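A quick write-up on the structure given underneath.
The values are calculated or read from the model by the stated rules, or taken from the named source; none is laboratory data. Just so it is clear, the structure is predicted and the values come from calculations on it, not from any experiment. FYI the Cβ positions are ideal-geometry reconstructions off the backbone, even for glycines, and counts take in every protein chain you see. Ligands, DNA and RNA are excluded from the accessible area calculation, which covers all protein heavy atoms including side chains. Shrake-Rupley method; radii C 1.70, N 1.55, O 1.52, S 1.80 Å.
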Amino acid sequence: MSDAALSVRDLWKVFGPRPDRIIGTPDADLPRAELLAKTGCTAAVKDVSFDVAPGEVFVVMGLSGSGKSTLVRCLTRLIEPTAGEVLIDGEDVRQMSEGRLRELRRTHVSMVFQHFGLLPHRKVIDNVAYGLEVRGIGKKDRHAKAQEMVDLVGLSGNEASYPDQLSGGMQQRVGLARALAVDPSVMLFDEPFSALDPLIRRDMQAEVIRLHHEVGKTMVFITHDLAEALKLGDRILIMRDGALVQMGTPAEVVAAPADDYVRDFVSDVPRSHVITLRYVMRDPRPGESLDGPQLPPDMVVQEAARRVLDSEHAVRVVEAETLLGVVDDVDILRVIVAEEGVRA
Amino acid sequence: MTLLSPTRGRRATPSPAPTDAQESGQRRVLALVGVLAAWVVGWALLKGRQNLELAVSTQTDLHRWLLDVRDRVEAARTDNFFLDYVVGGVSSALDGGVEFLQQLFSQPAFPRPVPEIGWLGVVALAVFVAYALAGARIAVLVAVSMLAFGLLGYWEESIDLLIVTGVAVGICVLIGLPLGIWMSRSDRTTAVVTPVLDVMQTMPAFAYLAPLVLFFGIGPASAVVTTLIYALPPLVRISAHGLRSVSPTTLEATTSLGSTSRQLLAKVQLPMARRTVIVGLNQTTMAALSMATIAALIDGPGLGEPVVQALQSLDVGDASVSGLCIVIMAIMLDRATTTASDRASVAARTRENPRVRRAVLAVLGVLALVAVWLSRTYTRFAEFPEDPDLGQPLADAVNSFSGWVIDTFGGLTARFTDLISNGLLNPFESLLAESPWWLMAAVLVAIAYLLAGPRVLAPTVICLAIILGSGLWNDAMKTLAMTLVGTLLVMVLGVVVGVWMARSRTADAAIRPLLDALQTLPPFVYLIPAIALFGPTRFMAIMAAVLYAAPVAIKIVTDGVRAVSPTTVEAAQAAGSSSWQTITKVQLPMARSALVLAANQGLLFVLSMVVIGALVGGGALGFLVINGFAQGEAFGKGLAAGVAITALGVMLDRITVHTAARHGRA
């Protein structure tokens, strides 16, 4: 995919002495403790490749220690990758000079952090303007731009506050505004809401969805929370012990887990909210009526349920004038009943 | 003088205890008892033999050689490149700088009979600066303090002391901040610099006076360099620590926005570490003040001079008045730097209106300029008026009061002195100083090994060899005896008061401010009450040392006992322990590493004070150092004494640090 906003090829990050000798050897597949005992190294990211399309929200998910935070830091070389390629708008980040890399960070890619990383000695407005300031933009211009961002994230009136005077959620809004202020084409989020209360977290997720609609940035979002991943992600990459386990849309991941690890992960997800008709449809039985209404294959089951149940005939799943399959009451109920079983 | 405690605590990292710790612990105690018994028996049999006693006037070849070295250095001063250009250059730059400031602020600037800026101008400028840096309250404090210097009759000396302290602190910042930044960025630099700082802080200040005099001569340059050496470490350590503890997330976040490393330093690290750096500046300033007063011994200008003179002529009244000026100055500098650091965290959002602040600053600035002009124009604003003089009446009052105290309680203090002297000090000194040197050395090595393990063997042996080589073994043992007795008293005081404070919030609230205040005082000040009560004796020096060292020890014990898990204490109480049992069976054993650390600090503080106490009758090594300054031909012996003091200090430090490391975990 040459038109990808971000493209990662065979990326490795190994911590330890002479890390490159591990790459591509069977040693890399050893369990973590054995690898450490044998070589003194820890493989945090193992041979990961993916593409992110412009405007896409791409979620990387895994438990703590799965290498997802290392992965996102490798994208702008906050952590230096050991091997592989990272292409941003077609340019290899690993080949960039110090100056070019700084340029990339200043204008192209910005990041939001779990623990905010705000400057306690600066007012909100100066925190938001920081990226513009280091770029050398004059005070008036950068404050105008920063004010715009403060308004955008809903912090109007708090410009002159200091970070420690704000709640956690508000502080993360500052972090968000700071990342937005440099007008990046790619935004990286490293578990940005993990440190927040559940209710605030929900607000912030809604905020990200809203901002994504408004500004349409490409986003790479790291989380350990599956619900968050399913809610935000256009596609999800699941990592385990540094390696890619599965990559796909939320519906794919839930409906067709790649292995037991993922299956276990998604087992208590409200499936009807995630799974689309594509994963429940079947071929029409011989003689089955095809007079039912049409629905697109990417509609989630929950949304489609009423239409299907109300219809006398099986619903036709149609994409681009082509009949892909049909769904009837039983198919829908199977998903919903299975979910009830999980909940009980 | 809190500067040693935070850094030293870190060095005493506890190592995990071996599984058979208890058994080997018992064996060690038995061995220790055995060593002590052998020592006493050896002492009783061999008392007074081969103890290397050396009369004050007797010099060894080494001492004569050192004297000769000095003479040669002095002779070579003009034609040796290093001495002439490097040392001479530094020396004359420092002398010139101090002299320039003196003529500006305190001493007659030829051909004027008065300084360029008279007292009124100086006070006004000081108030302006204080307001700008630390706010209105500190400005008032500064004004009152400065006027007090004049009214007590020590205007010139006070300003001179401020100048020496200020120049030294200024250079400390110029050297220390970049060094701190460098250390925060490079582990290798840290690894190289840290031991050097350790030595700078462990070495009793007295020890390096002599070598410095050798190169810089006596006078302001030596005073500034001594002060600099003593005061630099806290700033370097604390600023490096502050910079290192800047939140990594913030660093990462600002890096991710494309900051250059210079931008990171200027916009992120330094502002975020600012408060910590100013705390370091506070410690450095207080250390500089205390050393600058001691530098009076090598003819450094300032308040130390009148104190030394008054102490040597046993004039408690005069000593108290000049000592009071030092105390006022210490409080002034401490409050000013502490407030500046508190403000640093809230600087941009002070409750005071920035417009009001700017207006006040402008007014104060104009007033200061007017005051400077006045002080240049009218003599009465240039020279501090001699009338009213509060100093003399105060000195008289103190003299008559101390006379009354001695008349009334003299019997009591004499009995106390006798008790400690005859019951503890004399026998102990005899035990150390009258044992044959080889027995003593063997005993010390054995004790060091049993307490602290094999790692201290090498340093102990080397230090003992240096002491032996200095030719001052006997004097060193006398100083060691005084130090150990002083430390014992400090520990008794430390444990009793420390436990009390740890168990009672009220006691803590009442005593802690007093300890804080005591810790800011330069060591000279402690000699004054001690001499008033106990006269010019060894015992006086020990008591001053106890006063000086107790606050640190008490604080460390308090914190250690308080750090004992409350659950454990509760469990002990639930099991029916009495208070005494809780203290002796739970709290003290669990605070063992704090006790060892307190002993470490106590030893070093007592040692440095015992040596300074020689000024008024402490004797032994300290006396030899001072005598070295006083009499030209005793210089070599004084230098050797300085080296012996350092060796003693390093040895005691190593032994206690490793003991703490070994027994850190119960």
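Label-to-label distance, A:S64 versus B:T190, with points set 7 angstrom from Cα along the beta-carbon direction: 2.4 nm. Simple point charges give the picture: +1 on the Cβ of Lys and Arg, -1 on the Cβ of Asp and Glu, and for the range A:222-293 a dipole about the Cα centre of about 140 debye. When the pairs A:K140/A:K217; A:K145/A:K217; B:K478/B:K637 are compared against a 20 Å limit on Cα-Cα distance, A:K140/A:K217 fall above it.
Centre-to-centre separation between the Cα atoms of the range A:1-33 and those of the range B:489-542: 62 Å. Charge tally around B:L264: other residues with Cβ under 12 Å, Lys/Arg +1 each, Asp/Glu -1 each, net +3.
Enclosing the Cα atoms of the range B:367-413 in their convex hull gives a volume equal to 96 cubic angstrom per residue.
Bridging of A:K13 to lysines at a Cα separation below 24 Å is possible for A:K38, A:K46, A:K68, once same-chain residues fewer than 8 apart are set aside.
Per-residue ellipticity at 222 nm computed for chain A from its helices equals -11000 deg cm²/dmol, with DSSP H segments shorter than 4 residues left out and the rest contributing -39,500 (n - 2.57). Which residues among the range B:216-257 fall inside the zone where the amide N is under 18 Å from a point 7 Å beyond the Cα of B:F110, along Cα→Cβ? From the range B:216-257, the list is B:220.
Seen from B:G317, the other residues with C-beta closer than 14 Å to its C-beta sum to a net charge of -4, counting Lys and Arg as +1 and Asp and Glu as -1. Dividing the radius of gyration of the alpha carbons in the range B:361-501 by their Kirkwood radius gives 1.28 for Rg/Rh. Residues whose amide H comes within less than 5 Å of that of A:Q246, counting only those at least five positions distant or on another chain, are A:I238 (H built at 1.01 Å from N in the peptide plane). Expressed as a whole percent, the accessible surface of the protein assembly as shown that belongs to carbon and sulfur atoms is 61, based on a 1.4 Å probe.
Mean sequence separation of contacting Cα pairs (under 8 Å, at least six apart), scaled by the length of the range B:547-666, corresponds to a relative contact order of 27 percent. Look at the dipole of the protein assembly as shown built from charges on Cβ: of B:Q50, A:L166, B:G258, the Cα furthest out on the positive end belongs to B:Q50. Annotation: aspartates and glutamates with alpha-carbon distance below 15 angstrom to B:K555 (same-chain offsets under eight excluded): B:D508, B:D516.
Working from Cα pairs under 8 Å separated by at least six residues, relative contact order for the range B:405-559 is 30 percent. Could you tell me what percent of the DSSP beta bridges with both partners in chain A are antiparallel, to the nearest 5? Close to 55 percent. Name the residue farthest towards the positive end of the dipole of the range A:262-334 from the options A:P297, A:V269, A:I332, assuming +1 on Cβ of Lys and Arg, -1 on Cβ of Asp and Glu, about the Cα centre. Of the listed residues, the answer is A:V269. Taking amide H as placed 1.01 Å from N in the peptide plane, B:E383 has its amide H under 5 Å from the amide H of B:W119, each at least 5 places away in sequence or on another chain. Mind checking the range A:304-335 for GluC sites (Glu not before Pro) that DSSP puts in a loop (not H, G, I, E or B) and that have at most 11 other Cβ atoms within 10 Å? Here the sparse-neighbourhood loop sites are A:E312, A:E321. In the range A:169-271, the DSSP beta bridges split such that about 50 percent are antiparallel, to the nearest 5.
Within the straight-line cut-off of under 17 Å between alpha carbons, the aspartates and glutamates reachable from B:K47 are B:E429, B:E434, B:D475, sequence neighbours fewer than 8 places apart in one chain being disregarded. From its DSSP helices (H runs of at least four residues, each -39,500 (n - 2.57)), chain B gives a residue-normalised ellipticity at 222 nm of -25500 deg cm²/dmol. Taking every C-alpha pair closer than 8 Å and separated by at least 6 residues, the mean separation divided by the residue count of chain B gives a relative contact order of 23 percent. Within chain B, the longest run free of trypsin sites (Lys or Arg not before Pro) that sit in a DSSP loop with at most 14 other Cβ atoms within 10 Å is B:352-664. So what's the gap between the Cα centers of the range B:256-282 and the range B:156-226, to the nearest angstrom? When both Cα centres are located, 24 Å separates them. Sparse packing (at most 14 other Cβ atoms within 10 Å of the Cβ) combined with a DSSP loop state is found for the following GluC sites (Glu not before Pro) in the range B:381-448: B:E386. The string of couplings for the range A:77-85 from the Karplus curve (6.51, -1.76, 1.60, θ = phi - 60°) is 6, 5, 10, 6, x, 8, 7, x, 10 Hz, one whole number per residue in order, with x for Gly and Pro. Across all directions, the average flat footprint of the convex hull enclosing the Cα atoms of the protein assembly as shown is 54.5 nm².
Buried surface for the B/A pair, taken as the accessible area of each chain alone minus that of the pair with a 1.4 Å probe, is close to 1900 Å² in total. Computed over neighbours whose Cβ is under 11 Å from that of B:L62, the net charge equals 0, Lys and Arg +1, Asp and Glu -1.
Projecting the Cα atoms of B:A510, B:I556, B:L468 onto the charge dipole of the range B:460-567 (Cβ charges, centred on the Cα centre) puts B:A510 farthest toward the positive pole.
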